[in-house]
Amino acid sequence: MPETSRISRKTLSIMILVICVFIVVLWNLPGSRKPGEVEPGPLVTPQSQNTLQERADGQKLSSLELIEQSEPKSHKVRIESWTTPNGTRVLFVQAPEIPMLDVKAVFDAGAARDGALPGLARLTSGMLTEGAGVADVDAIARHFEGLGAQINTASYRDMAIVSLRTLSDPQYRDPALSLFYDVVSQPTFPQNSLDRLRAQMLLGLEQDQQNPGALAQEAFFSGLYGDQPYGIPPDGTEDSLRDIAVKDLRRFHQRYYVASNMVIAMIGAIDRTQAELIALQLDNQLPTGTPAPALPAPEALQQAQREHVDFPSSQTHIMAGALGVERGAEDWFALYVGNEILGAGGFTSRLNQVIRQENGLAYSVGSHFIPMAAPGPFLINLQTRNDQTPQALSLLNETLQAFVREGPTPQELADAKRHLLGSFPLQTASNSNIVDYLGMIGFYNLPLDYLDTYLKNIERVDAKAIKRAFERVIDPNRLLTVTVGPDQP
């Protein structure tokens, strides 16, 4: 009798991957969508506190993303949490439906910790994948590419993040995790990579000088926070970037990339025991260290301030605002719903109706709360024709004053809540969305039932709560207003 042929686990995993990709491709061919089904809008994740990222039409998705999208989530998010022996907080969601694992290591190591060397946190983060353990930058790239895995680093004002996405099959997961541990704990910081990344950041600073939006944001944060930690430019300055040496990267890593200063967020097709082992292995490879100290509370403006940056443009960029709230503030949901009505609700928001629809002064206008570990900013931004700047500023202030004084109408409140409640399920529809939430919940020490109670917290917001919250936080007579354009209005 001939020997029965057998398919190896590796071959079987590859076959499953190919079939999943094939199914998703067929599903998304023109004409394959169900009648009445519409294209979903872009998702905004919790880590977009500093930037909003949208996928351009036609951009190719990775195989891991295709697998995830082929099986949309419908289960309730059950978060498990524990603390490792060295003080790392872990948040984990078991998701067996998709053969993937997402791991995020979140450190209190953002630009607010730069001190006298602005740009140090961002350079340190960017250098992690330039060499780790015995692997150089090319070996790291080949390793993860060969496993079909993705590793990414990011740095913001509050936090630094190292994330891994891999198939959950141990033959792919284990070697991906092994090098992931080295990237987090044993970066080599090669000098040639530092020189290259430094040159890229210096070029970015030069390009920012030709970008009125970037100039407005830099002036706004500097004017609002001054010498306080959030006033430090995350991309550094020309002088600070030239001064940063390898020894500074090592010092920063040794101080802030430690177990007691880390949160681990995980979601995937593994069980609690496997999750504990992954967290323990990462925890053991880092020194215990000490948590970063709490950031000082920034001081609010005592009076209105105006700043103008001269720039030869046909439009003036306007950014106006004040201190907002910290993440987890008691009246956050009232501010969140209220801001949806004021300026975050797109075409239906008050600012858009007044400034764009009724007066045609701007193509777009929006308002944003950016809550962070310490009070982050509240800001309104728009661009308008230079000669229309005074009118746009006047309407901006009048609209804000009226909203703070009167609060929303019943119809505005009902519409805003309907939109927020309807869009929330999409924000927990994928592993990548959920792991972002886990990182946020762990880093800012939010309740573990944050996702479960989100809808109820939105539903219970009323007009009085919104008016009370805005009166507490926003004084329209003490705004910082930054304009970037050819003439000071």
Quick check, is residue 461 in contact with a helix residue (DSSP H, G or I) (Cβ under 6 Å, 6 or more places away or on another chain) and under 30 Å from residue 112 (Cα atoms)? no
Give the residues of region 244-291 that are small (Gly, Ala, Ser), more than 17 Å from residue 183 (Cβ to Cβ) and either surrounded by 22 or more Cβ atoms within 10 Å (Cβ to Cβ) or not assigned by TED's automatic domain parsing to the domain that holds residue 117 (or both), sorted by residue number. 268, 275, 289
Hey, residue 361 hits all of (1) part of a loop (DSSP other than H, G, I, E, B); (2) among the aliphatic types (A, V, I, L, M); (3) out of contact with any Lys or Arg (no Cβ under 9 Å at 6 or more places or on another chain) but one; which does it fall short on? (3)
Being touching a residue at least 60 places away in the same chain (Cβ under 8 Å) and hydroxyl-bearing (Ser, Thr, Tyr) is the filter; apply it to region 184-193 and report the residue that is surrounded by the most Cβ atoms within 10 Å (Cβ to Cβ). 185
Residues being over 19 Å from the mean Cα position of the chain (by Cα) and either surrounded by fewer than 24 Cβ atoms within 10 Å (Cβ to Cβ) or polar (S, T, N, Q) (or both): count how many of those fall in region 101-126. 4
Among residues of region 136-176, those that are in a helix (DSSP H, G or I), hydrophobic (A, V, I, L, M, F, W, C) and without any contact (Cβ under 8 Å) to a residue 40 or more places away in the chain, counted: 4
Would you please name the residue that is farthest from residue 376 (Cα to Cα), looking only at residues in region 194-216 that are surrounded by 17 or more Cβ atoms within 10 Å (Cβ to Cβ) and touching a strand residue (DSSP E or B) at 6+ places or on another chain (Cβ under 7 Å)? 212
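Can you pull out the helices (runs of 4 or more DSSP H) entirely within region 423-489 that have at least 1 residues that are of a type in the set (A, V, I, L, M), within 18 Å of the chain's Cα centre (by Cα) and assigned by TED's automatic domain parsing to the domain that holds residue 345?
In region 423-489, the matching helices (runs of 4 or more DSSP H) lie at 431-443, 450-459.
The values are calculated or read from the model by the stated rules, or taken from the named source; none is laboratory data. Predicted, not measured: the structure shown is a model, and the values here were computed from it. Using ideal geometry, Cβ is built from the backbone for each residue, glycine included, and neighbour counts are taken over all protein chains shown.
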